[in-house]
Amino acid sequence: MIQIFKKLRKSDWLYIAVAIVFIAAQVWLDLKMPDYMSEITTLVQTPGNEMRDVLLAGGKMLVCALGSLVSAVVVSVLAARIATDFGADLRSSLYYKVLSFSKAEIGKFSTASLITRTTNDIMQVQMLIIMGMQSIIKAPMMGTWAIIKIADKNETWTLSTAIAVICLLIIVILAIALMFPKFRKVQIMTDDLNRITRENLNGIRVIRAYNAEEYQQKKFDFTNNNLTKAHLFTGRVSAFMMPTIQMIMSGLSLAIYWIGAALINDAGMTEKIGLFSDMIVFSQYAMQVVMAFMMLVMLFIMLPRASVSAKRILEVLNTEVSVVDGNEEYKKSVGTGEIEFRNVSFRYPDSDTDVIHNISFKANKGETVAIIGSTGSGKTTLIDLIPRFYDATDGEVLVNGINVKNYKLKTLRNKIGYVSQKATLFSGTVRSNVVFGESEHNAEQNFVESVFTAQAADFVERMENGYDGAIAQEGSNLSGGQKQRLSIARAVCRRPEILIFDDSFSALDYKTDRTLRQNLNRDCDRATKLIVAQRIGTIRDADRIIVLDEGRMAGYGSHRELMNNCEVYKQIAYSQLSKEELE
């Protein structure tokens, strides 16, 4: 918990110092009021005093009360400012940390959990700062100061106050012991609820198509009910605590007045006024002591959940990234766009076996190399090693003769135009999606030409506002083929040295597929192209084809060569096209 607060800004520490001054002023003013109350009590009971003396003492009490109010408002404003700044900085730190994650780290935490940690967990820590800053500073200050003021009073009163404080501590310790394990489960269940909600929203069409609403509702209700039960448990413990604390406070007041009545009854006439005044003052100070502990109780109620949240945030921030920057930029590297795999093997984190085994090949500048194989043969994993979404376990992946691990990630990825297996678009416009990210070339200038190259101009020009037409979140207002073509246009627009297509033609009809590939060969003839595909028709014209079978290279060569000497490739080919079509 302490570690996370080290991320406060320097200006926030200044605000904290100012807040401490105002909290001290507030405590001093609050503890000064019982003195004026004692003065008023003495004035009222002593014959011969004038009304103006009572009003003067009352006026001083009013000034103290107003001063305390102003101090409390200032502290609240400062606490809100500190918590807001801290939350904004923490969200930014988490966001940029997650952006630096490779696929391995994303898989470790899951998307739903990372969203919860960036929102709900940070909010818990923010609330602790807002509610707890006064408590953690004010409560010890007020409690200690009040105890000092009543220490020289009647021992019986002091003992009754001590017993009340001990009872409060026992209640708080029991409550924390009961609630802390539940708070840990609450955050995990919030992750699950987030995950299920995302699944339902993303898969709503499939759910409706299969009439699976009831099944999904049961999944949601199960997690939701468990979360509700956990919240109810912690709420009931809190609901039990507050009346119990109120009862202790009322019991302490009753004990002080009962003891005071007995002392006054036994005292002589000259001592009765002094004892009565002491009783009033002591009851006020005793309430201040109990109030200090009540504030600590409120803090301790929030602390367990905030502590769990802080730990979850630090887990992300302290995670070591497996893919790190190299030392050199290599902007003017020789052999533009050349890719080479040298005895490359790869296994996923926490896996005992390799998914890619000893792969070696070379793609020269301007060549088209295709990768084909059955589902799960490692095609996507293989090309993910080039932009370093993962790093190879063994062997070397080289771009322009340089190991990709030696590149700065920004420099390496600026050389690559990547089209993912799932076409990904962002809310905005056609232009903002195609002219996306950084580029060493003028992407804006290449924008329209890239749309034409990707065979997307026909539907883009029919959209309202044309090239500035609106794109909904995840491209939900476009078809699968339209999204794929805009994704391809985005990659082409960068004019990269290397173009990677991960099964990016699957939603296109054969005519569009063929025309698009012809456009790529014409407009991107200098770029090296890697194409992962399932259709023979998409890859048969490639310069070389890599055939993968269970992570191993089962064949390597042109379409004609593979038809003659690679049984795996022949089986794939004949399962899609007839012998006449293949010839």
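Taken together, the values in this text are just the output of simple stated rules run on the coordinates, not laboratory data. What you see is a predicted model; the values in this text were computed from it and never measured. All Cβ positions, glycine included, derive from the backbone under ideal geometry; neighbour counts span all protein chains shown.
A simple spin-label model places the labels of ARG81 and ASN265 5.6 nm from each other, with each point 7 Å out along Cα-to-Cβ.
State the three equivalent ellipsoid semi-axes of the range 462-583, derived from the C-alpha gyration tensor as the square roots of 5 times its eigenvalues, in descending order and whole Å.
31, 16, 13
With R₀ set to 56 Å, the beta-carbon distance separating MET127 from GLU567 gives a calculated FRET efficiency near 0.30.
Between the beta carbons of SER250 and SER100, assuming R0 = 51 Å, the FRET efficiency works out to 0.35 to the nearest 0.05. Rounded to the nearest 0.05, the FRET efficiency derived from the C-beta distance between TYR348 and GLU315 at R0 = 22 Å is 0.60.
For the pair the range 504-583 / the range 189-232, the C-alpha centres are spaced 41 Å from each other. Think of it as helices only: each DSSP H run of n ≥ 4 in the chain is worth -39500 (n - 2.57), and spread over all residues that comes to -21500 deg cm²/dmol at 222 nm. Given their separation in residues at 0.36 nm each and the Cα-Cα distance between them, THR156 and LYS362 gain 65.1 nm when the chain is fully extended.
Looking at this model, which pairs from LYS219/LYS379; LYS182/LYS410; LYS10/LYS311 are more than 32 angstrom apart at the alpha-carbon? It would help to have the intermediate numbers written out before the result.
On the way: LYS219/LYS379 34 Å; LYS182/LYS410 43 Å; LYS10/LYS311 23 Å.
Violating the 32 Å Cα-Cα cut-off are LYS219/LYS379; LYS182/LYS410.
Relative to the globular-protein estimate of 2.2 N^0.38 Å, the Cα radius of gyration of the range 424-495 stands at 0.96. To the nearest whole percent, what portion of all C-alpha pairs in the chain is separated by more than 38 angstrom? Looking at the chain, the distances longer than 38 Å represent 53 percent of pairs.
Report, in debye and to the nearest 20, how large the dipole of the chain comes out about its Cα centre when Lys and Arg carry +1 and Asp and Glu carry -1 on their Cβ.
220 debye
Going from the fewest other Cβ atoms within 10 Å to the most, the residues LYS10, LYS511, LYS415 appear in the order LYS10, LYS511, LYS415.
Modelled spin-label separation between VAL206 and GLU438, with each label point placed 7 Å from Cα along the Cα-to-Cβ direction: 3.6 nm. For ALA554, the residues whose amide H sits under 5 Å from its own are VAL547, LEU548, ASP549, ignoring neighbours fewer than 5 places away on the same chain, with H placed 1.01 Å from N.
Here the gap between ILE163 and TYR257, fully extended at 0.36 nm per residue and compared with their Cα-Cα distance, gives a gain of 32.3 nm.
Each Lys or Arg adds one and each Asp or Glu takes one away; over the other residues whose Cβ falls under 9 Å from the Cβ of HIS559, this sums to 0.
Our summary gives the range 424-495 a relative contact order of 54 percent, counting only alpha carbon pairs under 8 angstrom and 6 or more residues apart. Could you list, in their original order, any pairs among LYS185/LYS218; LYS365/LYS408; LYS362/LYS483 whose Cα atoms are separated by more than 26 Å? Beyond 26 Å: LYS362/LYS483. Under the membrane-span-like helix rule (DSSP H runs whose alpha carbons stretch at least 24 Å along the helix axis, mean Kyte-Doolittle hydropathy -1.0 or higher), the chain yields 10-45, 51-99, 122-150, 155-202, 213-266, 269-317. Taking label positions 7 Å along the Cα-Cβ direction at both THR375 and ARG522, the computed distance is 3.6 nm, reported to one decimal. From a point 7 Å beyond the Cα of HIS231 in the direction of its Cβ, which residues of the range 289-315 have a backbone N at a distance under 19 Å? Counting only backbone N, you get 301-309. Using DSSP to call loops (not H, G, I, E or B), can you name the chymotrypsin sites (Phe, Trp or Tyr not before Pro) in the range 153-210 whose Cβ has at most 13 other Cβ atoms within 10 angstrom? Here the chymotrypsin sites (Phe, Trp or Tyr not before Pro) that fit, given the DSSP loop and packing criteria, are TYR210. Annotation: amide H of PHE101 has no partner in the under-5 Å range at sequence separation 5 or more or interchain, hydrogens built in the peptide plane.
When +1 charges are put on Lys and Arg Cβ atoms and -1 charges on Asp and Glu Cβ atoms, the dipole computed for the range 424-495 relative to its Cα centre reaches about 200 debye. Dividing the mean sequence gap of close Cα pairs (under 8 Å, 6+ apart) by how many residues the chain holds gives a relative contact order of 14 percent.
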